Amino acid sequence: MTLQADHPHPVMTPEFLTSQVGPLFDRSQRYLETVETHGSPLYLLDSAKLADQAARFRIAFASRLPATRFYFAVKSNNMPDISRILISKGFGLDVSSGLELAAALDLGAEEIIFSGPGKTRDELMMAAAHPDRVTLLMDSVGECRRFMGILAEKSQTLSAGIRLNCQPEGLWRKFGILPDQVSSLIQEILAHPFLSCSGIQFHSSWNLTPDRQKEIIRHAGALLGQMPADFLAGCRFIDIGGGYWPETGEWLVSDDPLCHYHLPAAPLDTFAQELSKAVTDHVMPHMSPVICFEPGRWICHDAVHIVVQVIDKKMPDMVITDAGTNAVGWERFESDYFPVLNLTRPGLTEQPCRILGSLCTPHDVWGYSFFGSDIQEGDILMIPFQGAYTYSLRQSFIKPLPKTVVI
Ligand SMILES: *Cc1c(COP(=O)(O)O)cnc(C)c1O
């Protein structure tokens with residue numbers, strides 16, 4: 001990576017890009033066969049890659065901490081096959097709505113964490129109806145009191161966790177309970193006949209390095225130090241959330257179709273090493289909890305690719321594909337860079353060409369270049385690494401959505 005004077009970010013090197021694109025072209029026969037069988041467009045779920053990511057994540061942390069549990073953040077990709085595979089690998093699910101909770105229960109998940117602001121009465125009731133499988137994380141003092149009310153109505157005793165806000169900047173303040181509200185809330189829960197508190201969760205998004213998460217763990221540890229002993233005795237888990245950036249880093253477009261930015265991210269082992277140390281130093285002196293993790297993006301990012309077909313070559317430097325970016329639900333490729341691979345005419349040279357979808361909006365862009373020897377009508381193109389925050393945001397807009405195929 002080189003930071004050039006006229007660029008705001010480090011520039012992606014050709015060697016790095018080839019290291020990402022080459023292995024995908026090596027498997028192009030497999031991808032093309034799938035399109036022959038199922039047609040285009042497709043979401044291709046690479047089940048082996050998904051299982052491998054889950055195993056790597058688990059081992060990195062479980063090998064460094066005495067007791068751990070892992071929950072996949074369903075909002076990062078709500079494809080049922082992804083949850084099903086991860087459940088079979090021993091993951092629980094982290095859900096953020098009644099809709100996701102109902103889906104997780106239907107999938108047979110035995111361990112479900114339910115977090116998120118503004119839970120409705122129906123959502124709280126659904127959580128209370130499955131105390132053996134669901135751990136509710138209460139997001140505010142009001143929500144906690146509403147939940148106490150429901151438990152009192154049902155004369156049901158139950159244990160739930162609280163979400164702590166350790167990042168009260170701007171709109172992030174909407175999540176969780178501020179540290180200065182926690183002590184009085186804990187007293188209120190300790191005095192309640194039906195509710196007890198079994199754990200504390202915090203989460204911060206979008207971490208290319210573990211620095212912010214380490215800082216939050218340090219703050220949380222200081223707060224735990226001030227908690228009453230009867231609370232600490234009943235507190236069984238500390239959930240340090242998700243937000244781990246994939247180790248290939250963040251990729252962004254520049255004004256030049258052949259130049260891309262590459263913001264490096266720390267490898268998983270760095271996250272695991274530094275966060276485990278922070279937990280050992282700042283949490284373990286106060287209690288011996290199970291440490292819970294809620295990774296989303298890191299687990300699913302690499303495991304789904306989108307495949308489309310060129311329908312119309314309108315100009316030498318512009319093609320239209322059979323699918324539009326309603327398949328990803330947002331104008332992702334106007335800011336994020338991902339290579340477009342021409343599976344039909346493979347090649348490791350990147351060439352400028354506008355690769356556009358068929359929606360009636362000019363914002364329907366897959367990319368500004370492709371890898372291949374040429375590009376023609378009928379060619380099958382792949383946009384790799386679309387596992388995170390695309391499928392769950394897909395929109396029913398103008399064009400049909402791609403089918404899902406598990407390979
Ligand atoms: C979104 C979210 C996650 C997952 O975040 P990733 O960046 O996808 O790892 C985990 N926990 C909570 C509470 C979330 O809101």
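The values are calculated or read from the model by the stated rules, or taken from the named source; none is laboratory data. This is a predicted model, so every value here is computed, not measured. Please note: Cβ atoms are built from the backbone with ideal geometry, for glycine as well, and neighbour counts cover all protein chains shown. What goes into the accessible areas is simple: the full protein's heavy atoms, side chains included, and nothing from ligands, DNA or RNA. Shrake-Rupley method; radii C 1.70, N 1.55, O 1.52, S 1.80 Å.
Looking at the range 182-190, can you tell me whether even one residue there is β-branched (Val, Ile, Thr) and within 20 Å of residue 244 (Cβ to Cβ)? The answer is no, given that none of the residues of the range 182-190 is β-branched (Val, Ile, Thr) and within 20 Å of residue 244 (Cβ to Cβ).
Given (1) more than 16 Å from the ligand (Cβ to nearest atom); (2) assigned to a helix (DSSP H, G or I); (3) open to solvent by 10 Å² or more (accessible area, probe 1.4 Å), identify the lone condition not met by residue 193. Unmet for residue 193, out of (1) more than 16 Å from the ligand (Cβ to nearest atom); (2) assigned to a helix (DSSP H, G or I); (3) open to solvent by 10 Å² or more (accessible area, probe 1.4 Å): (2). Taking the range 225-253 as the range and being within 16 Å of the ligand (Cβ to nearest atom) and within 30 Å of residue 191 (Cα to Cα) as the test, the residues that pass are 237, 238, 239, 240, 241. Here is the figure for the range 253-280: residues that are assigned to a loop (DSSP other than H, G, I, E, B) and of a type in the set (A, V, I, L, M) total 3. Scanning for something hydroxyl-bearing (Ser, Thr, Tyr) and touching a residue at least 24 places away in the same chain (Cβ under 8 Å), does the range 73-80 turn up at least one residue? Yes, that holds for at least one residue. Hey, can you tell me all the residues within the range 119-148 that are closer than 16 Å to residue 181 by Cα and part of a helix (DSSP H, G or I)? Result: 141, 142, 143, 144, 145. The set of residues in the range 209-224 that are among the polar types (S, T, N, Q) and away from the ligand (no atom under 13 Å from the Cβ) contains only 209. Only strands (runs of 3 or more DSSP E) whose full extent lies in the range 299-389 are considered here, and the ones with at least 1 residues that are of a type in the set (Asp, Glu) and more than 16 Å from the ligand (Cβ to nearest atom) are 304-315, 350-356. Filtering the range 200-208 for residues that are part of a helix (DSSP H, G or I), within 14 Å of the ligand (Cβ to nearest atom), in contact with a strand residue (DSSP E or B) (Cβ under 7 Å, 6 or more places away or on another chain) and over 26 Å from residue 156 (Cα atoms) leaves an empty set.
Taking the criterion of being more than 9 Å from the ligand (Cβ to nearest atom) and in a helix (DSSP H, G or I), the residues of the range 281-298 that qualify are 281, 282.
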